[in-house]
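Taking it in order: structure first as structure tokens, then the write-up.
The values are calculated or read from the model by the stated rules, or taken from the named source; none is laboratory data. A quick note: this is a predicted structure, and the numbers were derived from the prediction, not measured. When we count neighbours, we look across all protein chains shown, and the Cβ atoms used for this are built from the backbone with ideal geometry, even at glycine.
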Amino acid sequence: MKQNTRYILGILFLGFIGLLVIHGPVYAGKWSVNAGMQWLNGEYTYVTRTSTFYFSGGLSYRAERWNVAVNVPLIAQNTTGVTNMGGLFLPNGEGRDHGGFSHWNTRQHGYMPGAQLPTTQMRFGLGDIYVYGEYRLLGRLTGLATVSLTGTLKLPTASQENNYGTGEFDYGLGGSVRKFMHSYSFFLDLGYLVIGDPVGISYNDPLTFGAGVGRFFFQGRYSVLLYYQQYSRILADYDPPRQANLAGFVKVSTHTILSVSLLMGFSETSPDYGLLTTIEYTF
């Protein structure tokens, strides 16, 4: 059943990529570059606290009805017990047996949560490259909300020596609804994510849900956004990831936007808190 679902989603994902390719040459668009730093801190399912620094650089192209973006990260982390997969940092079972992905059996084989992780100096390594795409199905001309089809692809480029990646591809499809009313904005995101399984482990492919509300100030020069995101269960017997972000945006100039975001996690598979800052320049 799981394999059939992945097969069907894979076909739909390829169709989404084809849609972007077909409409790519039609509309002139704008290029943007961005750089960001994210810091995450939490115990996850362990008793040892893990600090993760995620440095990223990206390039995006936005046309009238579609956009595509590429993100290339570097990761620094003081333990090897947390791994990036599907755009999330999740506990990988390090320290419960011999450590690593092939031993994420936990409660099924009697290994209890709360393992002590060995801490080291920050280790640096390349993270997984992510490609994002969005195609607008319905626009603002309808007088209703903007409805878009979204897609995500993870390329397994991360350093596996430091457990920064699974070595497998991840991909997902979703839908996004945006509604702007006067100085307010409302967001609703739904999706399905396929997480590649490394040797010896099978992850549950989660449904994803996100909802948010934003407010603009001073003709859009400043804005704030509160966004909540949740997944269905990924690791058996463990709470699914749940987290909220409070972000502020400043339009520094006609071409430059600066953002700062505070994160709080609400489950054992999410970081306890985090900080993200990003700057974007549009040509």
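Assorted remarks:
- Among residues of the range 206-235, those that are outside any loop (DSSP other than H, G, I, E, B) and either hydrophobic (A, V, I, L, M, F, W, C) or out of contact with any strand residue (DSSP E or B) (no Cβ under 8 Å at 6 or more places or on another chain) (or both), counted: 9
- Glu268 vs. criteria of a type in the set (Asp, Glu), out of contact with any Cys (no Cβ under 8 Å at 6 or more places or on another chain) and farther than 23 Å from Asn163 by Cβ: no
- Residue within the range 208-224 that is buried (at least 18 other Cβ atoms within 10 Å of the Cβ), within 19 Å of Thr52 (Cβ to Cβ) and modelled with pLDDT of 95 or more present: no
- Taken together, the criteria exclude Thr142 from residues that are under 19 Å from Asn163 (Cα atoms) and either touching an Asp or Glu at 6+ places or on another chain (Cβ under 9 Å) or modelled with pLDDT under 90 (or both).
- Considering Leu190, Leu137, the condition of being surrounded by fewer than 16 Cβ atoms within 10 Å (Cβ to Cβ), at pLDDT 95 or above, part of a strand (DSSP E or B) and in contact with a Ser or Thr (Cβ under 9 Å, 6 or more places away or on another chain) is satisfied by Leu190 alone.
- Scanning the range 227-256 for residues that are of a type in the set (S, T, N, Q) and over 17 Å from Thr208 (Cβ atoms) yields Ser253, Thr254, Thr256.
- Subset of the range 26-53 (residues that are farther than 21 Å from Pro240 by Cβ and either modelled with pLDDT of 95 or more or assigned to a strand (DSSP E or B) (or both)): Lys30, Trp31, Ser32, Val33, Asn34, Ala35, Gly36, Met37, Trp39, Ser51, Phe53
- Checked against (1) in contact with a Phe, Trp or Tyr (Cβ under 6 Å, 6 or more places away or on another chain); (2) at pLDDT below 95, Ser185 meets all criteria but (1).
- Unique residue being modelled with pLDDT of 95 or more and either surrounded by 17 or more Cβ atoms within 10 Å (Cβ to Cβ) or touching a helix residue (DSSP H, G or I) at 6+ places or on another chain (Cβ under 8 Å) (or both) when the list is Ile257, Ile234: Ile257
- Among residues of the range 29-45 that are free of Cβ contacts under 8 Å to residues at least 40 places away in the same chain, those with a Cβ under 9 angstrom from a residue that is assigned to a loop (DSSP other than H, G, I, E, B), sequence gap 6+ or separate chain, pair up as Gly29/Ala63; Gly29/Glu64.
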